[in-house]
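The next block holds one structure in the form of structure tokens; read it before the comments.
The values are calculated or read from the model by the stated rules, or taken from the named source; none is laboratory data. All values derive from a computational prediction rather than experimental measurement. Glycine gets a Cβ as well: all are built from the backbone with ideal geometry, and neighbour counts include every protein chain shown.
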Amino acid sequence: MEQHMSRFSRFATWASHSSGHPSSFIFALAIIAVWAVTGPLFKFSDTWQLVINTSTTIITFLMVFVIQNTQNRDSAATQLKLDEIIRSLEGANNALLNMEELDEKDLESIRESYLKLAEEARANLRKGRKQRQASPPAV
């Protein structure tokens, strides 16, 4: 399978990995230290304060999109891997494939079915009954 990522996705991956590196944290600390040290030079003026406030706001705003892009791709890949595991397990409930696309009402209904299944299993365990492989709830 050919790996194809958009330029933005490649940039987002690089930026996400780079920003999470310890050297990036040290660099950010150094910038803050330089800014703090220059306070007396600029007489702690409004402009001096505005520089750090504006800079951090812009960086934070841009990083939201970079991180969200990376998170979306990671989440999609994880869901596909889980779907493949479900699909490949004999006896697994294939109706659960791609369930992240269901609406809240359907998800809650499935969750309640699994909660009932778990309650039954715990009740049987308390009664000393052997745990059995239960059929998955109807979806």
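Looking only at segment 59-85, which residues are β-branched (Val, Ile, Thr), surrounded by 14 or more Cβ atoms within 10 Å (Cβ to Cβ) and either more than 30 Å from residue 110 (Cα to Cα) or at pLDDT 95 or above (or both)? Selection gives 66, 67. Of the residues making up segment 86-105, those that are surrounded by 10 or more Cβ atoms within 10 Å (Cβ to Cβ) and within 20 Å of the chain's Cα centre (by Cα) are 97, 98, 99, 100, 102. Suppose the filter is in contact with a Ser or Thr (Cβ under 7 Å, 6 or more places away or on another chain), in contact (Cβ under 8 Å) with a residue 12 or more places away in the chain, assigned by TED's automatic domain parsing to the domain that holds residue 38 and among the β-branched types (Val, Ile, Thr); does residue 51 pass it? Here the answer is no, as residue 51 does not meet what is asked.
Per the listing 56, 47, the residue uniquely polar (S, T, N, Q), surrounded by 13 or more Cβ atoms within 10 Å (Cβ to Cβ) and assigned to a helix (DSSP H, G or I) is 56. Just one residue in the set 58, 52 is touching a helix residue (DSSP H, G or I) at 6+ places or on another chain (Cβ under 8 Å) and of a type outside the set (Phe, Trp, Tyr); that residue is 52.
Restricting attention to segment 43-57, the residues being among the β-branched types (Val, Ile, Thr) and under 17 Å from residue 29 (Cβ atoms) number 3.
Run residue 44 past the list (1) touching a residue at least 24 places away in the same chain (Cβ under 8 Å); (2) more than 30 Å from residue 99 (Cα to Cα) and report the number of the one that doesn't hold. (1) is the only condition that residue 44 fails.
Does segment 117-139 contain any residue that is over 19 Å from the mean Cα position of the chain (by Cα), within 30 Å of residue 8 (Cβ to Cβ) and in a helix (DSSP H, G or I)? Checked segment 117-139: no residue is over 19 Å from the mean Cα position of the chain (by Cα), within 30 Å of residue 8 (Cβ to Cβ) and in a helix (DSSP H, G or I). Close Cβ contacts (under 9 Å, 6 or more residues apart or on different chains) running from residues in segment 110-139 that are surrounded by fewer than 11 Cβ atoms within 10 Å (Cβ to Cβ) to residues that are assigned to a loop (DSSP other than H, G, I, E, B) and at pLDDT 70 or above comprise 123/129; 133/91; 135/91; 135/93; 138/93.
Scanning segment 3-30 for residues that are in contact (Cβ under 8 Å) with a residue 12 or more places away in the chain, of a type in the set (A, V, I, L, M) and over 18 Å from residue 75 (Cα atoms) yields nothing.
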